[in-house]
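Structure record follows, encoded as structure tokens.
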Amino acid sequence: MRSLVWFELKKMLSRRIAIAMNLGVVLLLAGVMALNVVQARTVSALDEVLSGADAIACVKAEREAHAGAVTPERAAADIAAYQDAAFADIDPDAVLEMTDAAAFSLVLETYGRENAAELNDPYWKTLLEPWHVDGQEPVQTAARVTPEMAADWYGAVAQMTQNALDDGQGGRWEYSEAEREYWTAKQGSVPEPMEYGYTGGWENIINCFAFLVFAILAVCVTLAPTFSFEYQSGSDAVVLATKHGRTRLVAAKILAALAYATAYFSLCAAIIAGVSLAFYGADGFWLSVQNISLSSPYPLTAGQAALVSIGLMYAACVGFACLTLALSSRTRSTLSVFVVDAVLVLLTGLLPSAGVGILERALALFPLNFSNFTMLFSALESYPVGPLVVDLVGMVAAVYVLLAIAAVPAAAASFRRHQVS
């Protein structure tokens, strides 16, 4: 059996188009991740434009300067300190009447670039996020926060989830009572106090794991001829007539396909994760995912969120690999198999939901749509199934596991029952 699996692996990887696609995607990912590091940009407190490793180091230093547990007492004290600094020479009531651009200019003119940059530090934005309104500068948000509001910082953070549920994704979705209870309970399970710090490497993995879609496409191209080539070349007549043609050989093809898909996806994921952790650092694995987005209701760490993201893309890769085998077992045309894969993998990412909640949830199950932090961990995408509620993470995993479970026996049965012409 082992020799049959090895033979099938060599056969599928010896085709020129498979070699070109696999090598091309690996080089593409390496190039993209190199650019991801080189093109990193930030502006220092001294108004210096930093790039590459210097920009990453600057962001890390800014985060670490405020690292530590954000207790309710610290949150209230720090917000009060921010207000004292921001409104030492500026009238908070006047700031509320300004546009965001005017408020930014006023702070810059009043305090200078270095102090203005400090007032826009990501830490202050995190502290003020529970009361932030789109189109406001941090100083404008701070002008609305009273000491009583600041003292109940974690209550305000929890209220962000309730506000999102009331908003219903901009009116596109009406959450059921079961969904509201689900998200409320999930947010309530987030550990307190939140530990603030730097999570750059893990956040970068989450920002870049969408590129693994290209690995899925390479897998589909490589596996598309697995059965259909036997029909095209006429070797199906020989294969199916042999002693183990309908049993061991079919099993060897499937095992080889799954082994290849796993190994190739692991290589591509290692490029993304390896570059991210090597240049952005592995710090912050155990810091809460709320360091990336305070509105996320998930009780996960940044590292766990990165692993979940890659794991879901792997589930999609295996699901599409098995679907490709099933399609290949039904047709002589390798091209038609890949066209179906390309449509499902790529074009579903271009289709608009047109504000229809059901359609949005269906499209969210495809790789290009779920491959971002907001959709997975902040958008409150849920699927009510009677009294049961499944979030997007669980639904993606379930869909692709079930697809693989259904497609593998379908591929085997279809090839075994194929009538040789």
Inset, instruction - For region 80-153, with all protein chains present and a 1.4 Å probe, just round the carbon and sulfur fraction of the accessible area to a whole percent. - result: 51 percent
Inset, instruction - With a ≥ b ≥ c taken as the square roots of the eigenvalues of the C-alpha gyration tensor of region 88-137, please select rounded if a/c is under 1.5 and otherwise prolate if a/b is larger than b/c or oblate if it is not? - result: oblate
Legend entry - Spatial separation of Cα centroids for region 115-152 and region 280-335, in angstrom: 33 Å
Inset, instruction - Can you bin region 288-374 into rounded, prolate or oblate? Criterion: square roots of the alpha carbon gyration tensor eigenvalues sorted a ≥ b ≥ c, rounded for a/c under 1.5, prolate for a/b above b/c, oblate for the rest. - result: oblate
Inset, instruction - On a C-alpha basis, how far is the centre of region 39-91 from the centre of region 174-220 in Å? Whole number, if you could? - result: 24 Å
Inset, instruction - Using only the C-alpha atoms of region 239-392, find the volume of their convex hull and express it per residue in Å³. - result: 171 Å³
Inset, instruction - Find the accessible area per residue for the chain; the probe is 1.4 Å, ligands and nucleic acids are left out, and the unit is Å². - result: 45 Å²
Inset, instruction - Round to the nearest 10 and give me the degree value, 0 to 90, for the angle of helix 16-38's Cα axis relative to the longest principal axis of the chain. - result: 10 degrees
Legend entry - Relative contact order (%) - criterion: Cα under 8 Å, at least six apart; region: region 18-137: 25 percent
Inset, instruction - First compute the accessible area of region 349-403 with a 1.4 Å probe, then give the percent of it belonging to carbon and sulfur atoms. - result: 79 percent
Legend entry - Longest segment of the chain lacking trypsin sites (Lys or Arg not before Pro) that sit in a DSSP loop with at most 10 other Cβ atoms within 10 Å: 1-242
Inset, instruction - Net charge near Q290: determine it from the other residues with C-beta under 11 Å of the C-beta of Q290, scoring Lys and Arg +1 and Asp and Glu -1. - result: -3
Inset, instruction - Take the Cα radius of gyration of the chain and divide it by 2.2 N^0.38 Å, with N its residue count; two decimals is plenty. - result: 1.19
Inset, instruction - Note the angle between two axes, namely the Cα long axis of helix 213-223 and the longest principal axis of the Cα atoms of the chain, as a number of degrees from 0 to 90, rounded to the nearest 10. - result: 0 degrees
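The values are calculated or read from the model by the stated rules, or taken from the named source; none is laboratory data. This one's a predicted model, so the numbers in the text were calculated from it and none came from an experiment. Because the Cβ atoms are built from the backbone with ideal geometry, glycine has one as well, and the counts that use them run over all protein chains shown. Just the protein is used for accessible areas: all its heavy atoms, side chains included, with ligands, DNA and RNA removed. Shrake-Rupley method; radii C 1.70, N 1.55, O 1.52, S 1.80 Å.
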